[in-house]
Amino acid sequence: MRGARAQPNTGSKEGINSSKQQKKKKEITIDSFCTGNEQRANETEEEDPAEEKSEIPANWIQALEELKMQFKTQLREAEDNWEKNLKTKISHLETENSVLKAKINQLENEAKEMKDEAKQMKDEVKKMKDDLQRKSDQKEKDDQKTKDEIQSLRTRIQQLELRDLTRQQDTIKQNQKNEKIEENMKHLIHKTEDLENRSRIDNLRIIGLAEDHDKRKSLDIILQEIIKENCPEILEQEGKVDIDRIHRLPPILNPQLTTPRNVIAKFKNYQTKEKILQAAKKKSFRYQGTTVRITQDLAASTLKKRKAWNTIFWKARELGLQPTDYILTGESM
């Protein structure tokens with residue numbers, strides 16, 4: 001710029017024109033640099049040549065210098081601001097970079113932890129899978145064992161059912177045999193009872209005779225006195241009846257019994273025994289002021305049945321009914 005201003009001072013017209021053209025070029029260059037408008041620069045070049053020949057005022061040059069200085073100052077300030085902003089941005093970027101690095105490290109650590117956890121979970125899953133497989137295998141074995149046991153039980157049940165069916169058939173046959181045996185036993189018991197009653201047909205049972213009399217007299221004499229006192233018409237010519245044997249039953253005295261033992265007398269003559277029995281049915285026999293009862297001597301089973309029927313007979317008598325003596329004596333049993 002200084003060199004450009006020194007040329008017009010030489011007094012040469014040609015130098016002045018060249019200096020003017022250089023100033024215009026520099027002015028255009030500055031204006032184009034400041035405004036960025038190339039079109040305006042072109043318009044300036046196309047201005048009237050008469051104006052180029054006019055001399056540039058000194059204040060313009062000073063203004064131009066001031067503009068240049070102002071531009072340089074602004075450019076320096078812009079550079080400083082740009083550098084400052086750049087440093088600030090770089091600082092921010094570095095800070096963000098450090099934060100990003102920290103986050104990356106954290107993410108890497110988390111990824112590592114997740115990887116370890118995933119590995120641990122994988123191991124646990126594998127372990128669980130192995131356990132499940134082992135349990136599944138064991139369950140299959142248990143199921144197979146259970147199926148075998150069930151099949152074995154079914155076979156045993158079938159065998160038991162077959163045995164039970166056989167046993168039921170055998171039981172039916174045995175029951176039929178038992179029924180026949182029971183029928184035979186009943187028949188035999190009835191026969192035995194009938195034979196026993198027939199063997200006792202000549203016997204009479206004397207109930208209520210005190211045992212103190214046995215100490216003073218024999219049972220044979222006592223029976224003769226009872227017949228003589230209650231039915232003397234039955235006595236034969238000798239004043240007595242023929243007795244085969246007479247004794248108390250049971251033969252051994254039980255001290256706990258409060259009632260006297262029964263006396264069993266067997267007569268030699270059946271008609272004499274029947275006469276005494278019929279007389280005992282008509283009235284009560286007494287001996288030395290004490291009532292004694294004379295009945296037919298029957299088997300124990302017949303006496304038990306007769307005792308069960310007595311309640312019915314007594315109830316029938318209360319109602320005015322008269323059971324036959326044949327049933328009452330128990331001879332039908």
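The values are calculated or read from the model by the stated rules, or taken from the named source; none is laboratory data. The shown structure was predicted, so the numbers you read here are calculated from the model rather than taken from an experiment. All Cβ positions, even for glycine, are placed from backbone atoms using ideal geometry, and neighbour counts span all protein chains on display. Side chains included, ligands, DNA and RNA excluded: accessible areas come from the protein's heavy atoms. Shrake-Rupley method; radii C 1.70, N 1.55, O 1.52, S 1.80 Å.
Summary table below
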{"item": "Filtered trypsin sites (Lys or Arg not before Pro), region 258-315: DSSP coil and at most 10 other beta carbons within 10 Å", "result": "K283"}
{"item": "³J(HN,Hα), Karplus 6.51/-1.76/1.60, whole Hz, each residue of region 175-181, x for Gly, Pro", "result": "4, 4, 5, 4, 4, 5, 5"}
{"item": "Residue-by-residue Karplus 3J(HN,Hα) for region 140-157, coefficients 6.51, -1.76, 1.60, Hz, glycine and proline x", "result": "4, 5, 4, 4, 5, 5, 5, 4, 4, 5, 4, 4, 5, 5, 4, 4, 5, 5"}
{"item": "Net lengthening on full extension, E110/Q70 (0.36 nm per residue, minus Cα-Cα)", "result": "8.7 nm"}
{"item": "Net charge of Cβ neighbours under 9 Å - reference I264; Lys, Arg +1; Asp, Glu -1", "result": "+4"}
{"item": "Carbon + sulfur, % of accessible area of region 202-297 - ligands and nucleic acids excluded, 1.4 Å", "result": "50"}
{"item": "K282/D194 FRET efficiency (R0 25 Å; Cβ-Cβ; nearest 0.05)", "result": "0.35"}
{"item": "Student exercise, region 162-264 dipole from Lys, Arg, Asp, Glu Cβ charges, in Debye to nearest 20", "result": "600"}
{"item": "Estimated vicinal HN-Hα couplings, Hz - region 282-295 in sequence order (Karplus 6.51, -1.76, 1.60; Gly, Pro = x)", "result": "7, 8, 7, 7, 10, 9, 6, x, 10, 6, 10, 10, 10, 9"}
